[in-house]
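**Q** One structure coming up, written as structure tokens, with questions to follow.
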Amino acid sequence: MGRPSKFDREEAIEIVMHDLWREGYASASVKAISEKLGITRSSFYNAFGSQEPLFEEILTRYCEVAADRELENASKGMPIKALFTRVLKNVCEMHRSNAEDRGCLVVNSIAGLCGEDGKLNQLMQNIIDTRRGQIEQALSWAVEQKEIPKNSNVQALALSLQTLMFGINILAKTDATTDQLWLTARSTLDALNLLEE
């Protein structure tokens, strides 16, 4: 049996993305997704292949609108401390527009999938490593541009910033206010000599 003629793949991906964001990957069986979309399992496999490629596609889509996406477009010569301040403000502000307190889909997925065997564990590890690499590159430019001291430990700073972003996104799932999230982020950026307002 083929997919129903009214099946909208793009809309389906959006629906599944929000379900995964709320409930996590573990709850997203082929049966559950198929029922949610009103399609047969066979139609699911025709549309998406399996859970893993669907999840990869969802993460790609999410990363295009994630609060820290500006790090992907960072370039030498731009003010790096201002970049990190802006990115962390965006991460904190995302909480204001997220009434369900879902935090970040990527961070939620990392918490749920890292340490598991298989392809998805590697996918999450790649996302972590790629983002940390982007942070390290930006910090290297900050050293070259004399925004931060020449003897700065770029690797340690990158790990600290990534941990801060993870923590902010976890706190966003609690009753912390946007102002409290920014207070946390601002204090840490200031302590790392990376705050520029």
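**Q** Give ALA12, ALA28, ALA32 a once-over and let me know the one that is over 26 Å from ALA138 (Cβ atoms) and exposed (fewer than 14 other Cβ atoms within 10 Å of the Cβ).
**A** Details: ALA12 fails: exposed (fewer than 14 other Cβ atoms within 10 Å of the Cβ); ALA28 fails: exposed (fewer than 14 other Cβ atoms within 10 Å of the Cβ).
Within the list ALA12, ALA28, ALA32, the selection yields ALA32.
**Q** From the residues in region 30-66 that are among the small types (Gly, Ala, Ser) and farther than 17 Å from LYS119 by Cβ, which one is modelled with the lowest pLDDT?
**A** Narrowing region 30-66 to residues among the small types (Gly, Ala, Ser): 32, 34, 38, 42-43, 47, 49-50, 66.
Then keep just the ones that are farther than 17 Å from LYS119 by Cβ; that gives 32, 34, 38, 42-43, 47, 66.
Details: ALA32: 90, SER34: 92, GLY38: 90, SER42: 92, SER43: 90, ALA47: 91, ALA66: 86.
For region 30-66, the residue satisfying everything is ALA66.
**Q** Do you know which residues across region 36-87 are more than 15 Å from the chain's Cα centre (by Cα) and among the β-branched types (Val, Ile, Thr)?
**A** The initial filter retains those residues of region 36-87 that are more than 15 Å from the chain's Cα centre (by Cα), namely 36-54, 73-86.
ILE39, THR40, ILE80, THR85, listed by residue number.
**Q** Taking region 114-154 on its own, how many of its residues are modelled with pLDDT of 95 or more and not in a loop (DSSP other than H, G, I, E, B)? Working first, answer last.
**A** Our first condition is that a residue be modelled with pLDDT of 95 or more; within region 114-154, this holds for 132-154.
Now narrow it down to the ones that are not in a loop (DSSP other than H, G, I, E, B): 132-144, 154.
Number of matching residues: 14.
**Q** Got a number for residues in region 64-74 being in contact (Cβ under 8 Å) with a residue 60 or more places away in the chain and either surrounded by 14 or more Cβ atoms within 10 Å (Cβ to Cβ) or of a type outside the set (Asp, Glu) (or both)?
**A** The initial filter retains those residues of region 64-74 that are in contact (Cβ under 8 Å) with a residue 60 or more places away in the chain, namely 68, 71-72, 74.
Filter once more, so that each one left must be either surrounded by 14 or more Cβ atoms within 10 Å (Cβ to Cβ) or of a type outside the set (Asp, Glu) (or both): 68, 71, 74.
Number of matching residues: 3.
**Q** Sticking with this structure for a sec: Only residues that are among the β-branched types (Val, Ile, Thr) and buried (at least 20 other Cβ atoms within 10 Å of the Cβ): list them for region 48-63, please. Even if it seems obvious, please write down each step before you answer.
**A** In the first step, residues of region 48-63 are kept if they are among the β-branched types (Val, Ile, Thr); the result is 58, 60.
Residue satisfying the conditions is ILE58 alone.
**Q** Please identify the pairs in which a residue from region 133-145 that is closer than 14 Å to LEU159 by Cα has its Cβ atom under 8 Å from the Cβ atom of a residue that is among the small types (Gly, Ala, Ser), counting only partners at least 6 apart or on another chain.
**A** The qualifying pairs are GLN134/ALA74; ILE135/ALA158; GLU136/ALA158; GLN137/ALA74; ALA138/ALA74; LEU139/SER152; LEU139/ALA158.
**Q** Out of all the residues in region 121-161, which are closer than 18 Å to LEU195 by Cβ and charged (D, E, K, R)?
**A** Result: LYS146, GLU147.
The values are calculated or read from the model by the stated rules, or taken from the named source; none is laboratory data. Keep in mind the model is a prediction, meaning the values are calculated, not measured. Every residue, glycine among them, receives a Cβ derived from its backbone with ideal geometry; neighbour counts consider all protein chains shown.
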